[in-house]
1. At what distance in nm do the modelled label points of residue B:165 and residue A:48 sit from each other, each positioned 7 Å from its Cα along Cα→Cβ?
2. Counting residues in the protein assembly as shown as N, plug N into 2.2 N^0.38 Å and put the Cα Rg over that result.
3. Roughly speaking, what is the centre-to-centre gap between region A:158-219 and region A:44-83 when only Cα atoms are used, to the nearest Å?
4. Which whole-angstrom value gives the distance between the alpha carbon centres of region A:86-105 and region B:98-173?
5. For region B:175-266, take the alpha-carbon Rg, divide it by the Kirkwood Rh, and send me Rg/Rh.
6. If you add up the charges near residue A:191, with Lys and Arg at +1 and Asp and Glu at -1, over every other residue whose beta carbon is less than 11 angstrom from its beta carbon, what do you get?
7. Roughly how many nanometres apart are two label points built 7 Å out from the Cα toward the Cβ at residue B:49 and residue A:96?
8. Note down the magnitude of the dipole of the protein assembly as shown about its Cα centre, charges +1 on Lys and Arg C-beta and -1 on Asp and Glu C-beta and zero elsewhere, to the nearest 20 debye.
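Nothing in this text is a laboratory measurement; each read-out follows from the coordinates by a stated rule. Note that this is a predicted model, so its numbers are computed, not measured. Here the Cβ is made from the backbone with ideal geometry for all residues, glycine too, and neighbour counts use every protein chain on show.
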Amino acid sequence: MSAEINLTLKVWRQAGPNAEGRFVTYEAGGISTDASFLEMLDIVNERLIEAGEEPIVFESDCREGICGTCGLMINGQAHGPQKGTATCQLHMRSFSDGDHIVIEPWRATSFPVLRDLAVDRRAMDAIIGAGGYISVNTGAAPDANLTPVPKETADTAFDAAACIGCGACVAACPNSAAQLFTAAKVQHLNLLPQGQAQRWARTEAMVETMEAFFGSCTNHGECEEACPKEIPIDFIAWTNRDYIKAKVKNRKLVG
Amino acid sequence: MAQAITRVSAPPPVRSEPKIKLPWPLSIYQTAVGKKWVMGLTGAALLGFIVVHMIGNLHLYEGPLEIHEYAETLRDLGTKLLPRTWLLWIMRIGLIIAFALHIHSAYSLSRMSIAADQRYPGGRNYIAANFASRTMRWTGPIIGLYLFYHLADLTWGWFNPDFVRGDPYHNVSESLSSIPVAILYIVANTALAVHIFHGTWSMFQSLGVNSPRYNHLRRYLAAGLAGIILVGNLSFPIFVQAGVIDDNGRSIVEELQHGTAEGEDH
């Protein structure tokens, strides 16, 4: 059943990284409840362009919850009120006629606003660059099942690998800590045989890169609630343990 | 239309490398996760003390002589190996070090988080964060200030004109019979219980003690410990106010020491 609702949007507008930002209120009338949140913003933008105004800058790519490009703080909640979905998977049927919606970009010192709702998330790329990979010799494809992986291990690693790197965990965290992102990216490799060779070097490098850009985890658990992939904070605990082990093991390496 | 997004240079780190790189294992404390480990371990030590301290104080309900004997027993600990009060002092020094590290790690991690965080002018909607987790930076200093008052009041006797060294029953009943002091103890111990509720659970995460099969028990343990500490510690000011703990201003221990006590019971 499709219906149309009228909304009042309070959107963060900021002309550039160093410009002063402010909220601007827009009336968004006649929005189909079948529209996704991003499609609703598209409609608003088309109307702004027709009226000769600057459209609202926001990021999006796949629009099916797998790329991690979109991400908005909607009414003070990362990715909006629906649990376990990205902003693109949030539909306007989650809202009621006459609702006021506050839309803000992710906020953290290491996520500077580029323009309006788009932020620079390259600090997360720096964490991946520090060790979020495995090094293998390429060549002929190895035999299937050459490296046995227990089903439970594969499932757990995949739970961590579901991370799309959207940054909602940082946005939702009262400390702007990137612990859940980093832990997911560390653990999906640390749990598997292919990740063992670089396990301790990876853990130390990625955690310390994270600490250079983001705050310190105080175990609120907000990240787990905000995560569109519902990645549990258990991975954070395991990374904390791996990190101390890494500090012990890595010191013995002379090379 | 001027649509081009201006690319800023890579965001500068919010936390700089330590100026002096300490040798291992002290270098672990120079990292945030290492500080969280120290916070968790020192928290566990302090929590152990708080539980034992509360249970020990229950001797107040046995009577003035019994709590006096308990206090003397603590001073006599390890006297077969060490001079009297040495073991007690070793434990006290351990607690002082744990307390100092707990405060320092909390202070420096808070500074790091405050530097990394930006406010949401439109407001933030908390889902998982509870009252306890969000007030750690308030309950902590409250406990610190209270601890100073508590030591000055019942260990050093600064604020109590009738203070008798070595008579806890007398000192507690003199001190807590004043309503403002009782309120202070109630407020501070409630803050302590709230701090313990988040701290106990948080400790397991920080120390990486996590096994999905048993994880739900961590919340029960946190709630149980906070509850036991709350009930035990609040009972003292409440029962002094109610007149259950009351020595009518006479110090049995002082009378014993001066040989003026008559009979065993009164």
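1. For the pair residue B:165/residue A:48, the computed spacing is 7.4 nm.
2. Working: Rg = 28.8 Å, N = 521, 2.2 N^0.38 = 23.7 Å.
Relative to the 2.2 N^0.38 Å estimate, the protein assembly as shown comes out at 1.22.
3. 26 Å
4. The distance from the Cα centre of region A:86-105 to that of region B:98-173 comes to 40 Å.
5. On the way: Rg = 20.0 Å, Rh = 16.2 Å.
That ratio equals 1.24.
6. Values: positive: A:199; negative: A:152, A:155, A:159, A:242.
With Lys, Arg at +1 and Asp, Glu at -1, the neighbours total -3.
7. So the two model labels end up 5.3 nm from each other.
8. Values: 42 positive and 50 negative charges, 430 e Å.
Using only the charged Cβ atoms, the result is roughly 2060 debye.
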